[in-house]
Amino acid sequence: AANSEKNPAFPLDSLVAMTEGSIGYWLQNALQNALLEEGIEKDVASVVTQVVVDKNDPAFVNLSKPIGPFYDEKGLAEMKAQYSDWVFVEDSGRGYRRVVPSPKPLEIIEAKAFGPILESGSLLIASGGGGIPVIKDGKGYQGVEAVIDKDFSAAKLAEMVGADELLILTSGGDVYLNYGKENQVHLETVKVSEMRKYVDEERF
């Protein structure tokens with residue numbers, strides 16, 4: 001709304017970087033203070049993280065990642081009139097949201113720097129918000145208009161640092177089949193073979 005020549009609207013990669021930096025600071029500060037309160041001497045570091053994606057990822061054509069606020073029918077009409085090139089979808093019965101590309105993460109540029117941080121015994125905060133999406137070009141890396149899924153980015157980060165465990169915390173309580181419907185099924189302890197079957201059936 002404040003877009004102007006002197007104060008242009010930021011592209012999504014810059015917005016991700018801004019929120020990654022500010023939320024990283026809040027987490028770093030809160031963790032540091034909580035540790036000090038308990039008498040624990042441990043450093044906390046947050047890293048603004050760039051994540052490489054493929055410029056030919058089909059996600060750039062098939063928009064799927066809901067972002068921003070929810071709109072009712074009236075708000076949706078107003079946003080469509082103001083931003084005719086934006087795409088909106090209904091999101092879990094809570095209203096309409098803008099959708100943007102969500103390409104798969106290929107690598108995390110700063111991952112090599114994470115090793116020494118972790119080996120020092122410090123707590124590391126990285127890949128916040130899924131990380132800043134960038135593509136490789138002839139000169140290096142270029143930010144792109146997209147938002148990377150946080151779960152995929154967390155899995156890529158765990159893989160690149162050789163993590164022993166990956167925990168995904170959610171306000172939903174657990175994983176469900178038919179989520180949000182009358183026949184939803186609560187999954188708690190599930191075999192890997194069962195989960196693979198559900199994924200193959202596109203149950204999620």
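The values are calculated or read from the model by the stated rules, or taken from the named source; none is laboratory data. The structure displayed is predicted, hence computed values, not measured ones. All Cβ positions, even for glycine, are placed from backbone atoms using ideal geometry, and neighbour counts span all protein chains on display. What goes into the accessible areas is simple: the full protein's heavy atoms, side chains included, and nothing from ligands, DNA or RNA. Shrake-Rupley method; radii C 1.70, N 1.55, O 1.52, S 1.80 Å.
Figures for the structure shown
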| read-out | value |
| --- | --- |
| Ranking by accessible area, most exposed first, for SER153, SER171, SER193, SER14 with a 1.4 Å probe | SER171, SER193, SER14, SER153 |
| In the stretch 35-136, chymotrypsin sites (Phe, Trp or Tyr not before Pro) in a DSSP loop with at most 11 other beta-carbon atoms within 10 Å | TYR83 |
| MRE, 222 nm, helices only [DSSP H, n ≥ 4, -39500 (n - 2.57), over the chain, to nearest 500] | -10500 deg cm²/dmol |
| Alpha-carbon spread of the stretch 1-155, three principal axes, descending order, Å | 54, 41, 37 |
| Only Lys, Arg (+1) and Asp, Glu (-1) charged, at Cβ; the chain dipole about Cα centre in debye | 500 debye |
| Cα convex hull of the stretch 156-204, projected area averaged across orientations, nm² | 4.5 nm² |
| Amide proton proximity set for VAL175, modelled H, under 5 Å, gap of 5+ | LEU187 |
| Å³ per residue enclosed by the Cα convex hull of the stretch 93-204 | 162 Å³ |
| 15 Å beta-carbon shell around PRO105, net charge (K/R +1, D/E -1) | -3 |
| Loop-located trypsin sites (Lys or Arg not before Pro) in the stretch 121-164 whose Cβ has at most 13 other Cβ within 10 Å (DSSP) | LYS139 |
| Vicinal HN-Hα couplings computed from phi for the stretch 9-20 (Karplus, 6.51 cos²θ - 1.76 cosθ + 1.60; Hz; Gly/Pro x) | 5, 7, x, 4, 4, 5, 5, 4, 4, 5, 6, 4 |
| Area of THR19 that stays accessible when all protein chains are in place (1.4 Å probe, Å², to 10) | 70 Å² |
| Taking the convex hull of Cα positions in the stretch 59-125, its mean projected area over all directions (nm²) | 6.9 nm² |
| Among LEU166, LEU15, LEU177, residue whose mean-square fluctuation peaks in a GNM of the chain (springs only between Cα atoms under 10 Å) | LEU177 |
| Amide hydrogen neighbours beyond the local backbone of PHE88, cut-off 5 Å, H modeled | VAL99 |
| Average accessible surface area per residue within the stretch 128-204, 1.4 Å rolling probe, Å² | 74 Å² |
| Signed unit charges on C-beta, dipole axis of the stretch 58-203, positive-most listed residue SER122, GLY162, GLY140 | GLY140 |
